[in-house]
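Asks: This is the structure I have questions about; it appears just below.
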Amino acid sequence: MTKDVIDLKHTFHLILLIGLLFPSAVAATFNNIGVGARPLGLSGAFVALADDSNAANYNAAGLGYIDAVQVGATRAQRFNGLVTYNSISGIIPFGRIGSIGASLGILAEDSEIYREQTISVSYGNTLFKQLAIGANLKLFGTSFDETNEFVAENQYFTQTSSSAVSFDLGVIAKPFQSLSLGASIENLLPADTSISDVETDPIPLNIRAGLAYRLESIAEMSAQGAAVSNLLKGSLGTFEVASRNGAIYIRTGIEVWLNKSIAVRGGYGLKNGSDSATTLSFGGSAKLPVSSVALQLDYGFQLLSGDFQDNITQRFSINLLF
């Protein structure tokens, strides 16, 4: 293990311990890291798209437009593997009565002192063809290793685990065939996951709004030949603005399906707040037919600026479409 990695581990663990002592100073609990390699490749600009197994994590209204059973799993690594996030989700459509989804996400760090768990049950339906609504009911849970010396001897810990419940609401409008407008409000019910009697650790309200535009209509008007027209048909752009914990996030991304099996993505993000930063994202997909099931493998990575500019966030996802 290199000296830089060791120093990074020590730095991260120090930040973690400071966060345990003074949660209000870092507000890191249940940070909005996102789910899925495909959304990461779009820099997280997914609120108006929300059209695969990751939909409920960005906008539950997207479930209303999903008409096939989908199952997905993601493994994410942050800070050179010091933090991992594993998730699994599924969506089952029931026709006119809407679609139901469920997901489980677990965040852990390599010292195994701290762990976060999120369980969600989701519902989405279309009110009419151009409008869908959705909601998530979420159970948050945190736990600390009670055998760890720091935890066992620290009077701050009145308990070593906590849980809280909250919910999200979302809406997607499709005024035109190629245009989607989406918005969601997450953590509407105040949820406190503090393990101390002297501090609170609320999960911040997260508000997203954005648009997604598919280039199909442009492809129909293109006079550049079949190759360019087919490329445009498989392309889309996304844009999103989000607000969380006093910071404003601007995200944008583009997805291009080169053919029926291969896609590439790119995205850019900007955070304005007390600790401003930018992100640059890339990713791709390979879609493989397996019997009657469509198997899609997604990969995404993100470069960060600011204090963690030398680190890469990576996600690997498997999506099954039945």
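Values quoted throughout were computed directly from the atomic coordinates according to the rules given, and no laboratory measurement underlies them. Everything numeric here is computed off the predicted structure, so don't read it as measured data. Quick reminder, even Gly has a Cβ in these numbers, built from the backbone with ideal geometry, and neighbours come from all protein chains shown.
Asks: Of the listed values [x] 16.2; [y] 17.8; [z] 28.0, identify the label whose number matches mean projected area of the Cα convex hull in nm² calculated from this model.
Replies: [y]
Asks: Then there's this: In terms of Cα to Cα distance under 17 Å, which aspartates and glutamates are near enough to Lys271, apart from those fewer than 8 places away along the same chain?
Replies: Glu240, Asp307
Asks: Give the long-range amide H neighbours of Leu258: residues separated by 5 or more places, or on another chain, with amide H under 5 Å away, using H modelled in the peptide plane at 1.01 Å from N.
Replies: It is Ala263, Val264, by chain and number.
Asks: So, counting K/R as plus one and D/E as minus one, what does the shell of residues with Cβ under 10 Å around Leu42 add up to?
Replies: +1
Asks: Something else: Quick one: compute the contact order of the chain, relative version, from alpha carbon pairs under 8 angstrom and 6+ residues apart, as a percent.
Replies: About 18 percent, as a whole number.
Asks: Calculate the FRET efficiency for Thr278 and Ile97 from the Cβ-Cβ distance with a Förster distance of 41 Å, rounded to the nearest 0.05.
Replies: Efficiency for this residue pair is about 0.45.
Asks: Across region 79-95, in residue order, what do the Karplus-derived ³J(HN,Hα) couplings come to in whole Hz, using 6.51 cos²θ - 1.76 cosθ + 1.60 with θ = phi - 60° and x for Gly and Pro?
Replies: Per-residue couplings from phi come out as 6, 6, x, 5, 10, 10, 9, 10, 9, 9, 8, x, 9, 10, x, 10, x Hz.
Asks: Please work out the Cα center distance from region 125-175 to region 58-123, rounded to the nearest Å.
Replies: Region 125-175 and region 58-123 have Cα centres separated by 12 Å.
Asks: Taking amide H atoms as placed 1.01 Å from N in the peptide plane, list the residues 5 or more away in sequence, or in a different chain, whose amide H sits under 5 Å from that of Leu131.
Replies: The list, which skips near neighbours in sequence, is Lys174.
Asks: Could you list Asp51, Asp192, Asp298, Asp197 in order of exposure, starting from the residue whose Cβ has the fewest other Cβ atoms within 10 Å?
Replies: So the ranking, lowest neighbour count to highest, is Asp197, Asp192, Asp51, Asp298.
Asks: R0 = 41 Å: FRET efficiency of Leu295 with Phe157, Cβ-based, nearest 0.05?
Replies: E(calc), rounded to 0.05, equals 0.40.
Asks: Which value at 222 nm does the chain reach when only helices count, each DSSP H run of 4 or more adding -39,500 (n - 2.57), with the total divided by all residues and rounded to the nearest 500 deg cm²/dmol? Intermediate values should be presented prior to the final figure.
Replies: Numbers: 6 runs with 46 residues, N = 322.
Helices in the chain give a 222 nm mean residue ellipticity of -4000 deg cm²/dmol.
Asks: Moving on. Can you order the peptides 134-143, 56-65, 120-129 by their average number of other Cβ atoms within 10 Å per residue, highest first?
Replies: Output ranking for 134-143, 56-65, 120-129: 56-65, 134-143, 120-129.
Asks: Could you compute the net charge surrounding Arg315? Neighbours are other residues with a C-beta less than 13 Å from the C-beta of Arg315; K and R count +1, D and E count -1.
Replies: The answer is +3.
Asks: Count the net charge of all other residues whose Cβ sits under 12 Å from the Cβ of Ala164, scoring Lys and Arg as +1 and Asp and Glu as -1.
Replies: Summing Lys and Arg as +1 and Asp and Glu as -1 gives -2.
Asks: Could you give me the ³J(HN,Hα) list for region 237-251, computed from phi with Karplus coefficients 6.51, -1.76, 1.60 and θ = phi - 60°, whole Hz, x at Gly and Pro?
Replies: x, 10, 8, 8, 10, 9, 10, 8, 6, x, 10, 10, 10, 10, 9
Asks: Hey, what do the phi angles of region 270-277 turn into as Karplus ³J(HN,Hα) couplings, whole Hz, using 6.51/-1.76/1.60 and θ = phi - 60°, x for Gly and Pro?
Replies: For region 270-277, the Karplus curve yields 9, 10, 10, x, 5, 10, 4, 7 Hz.
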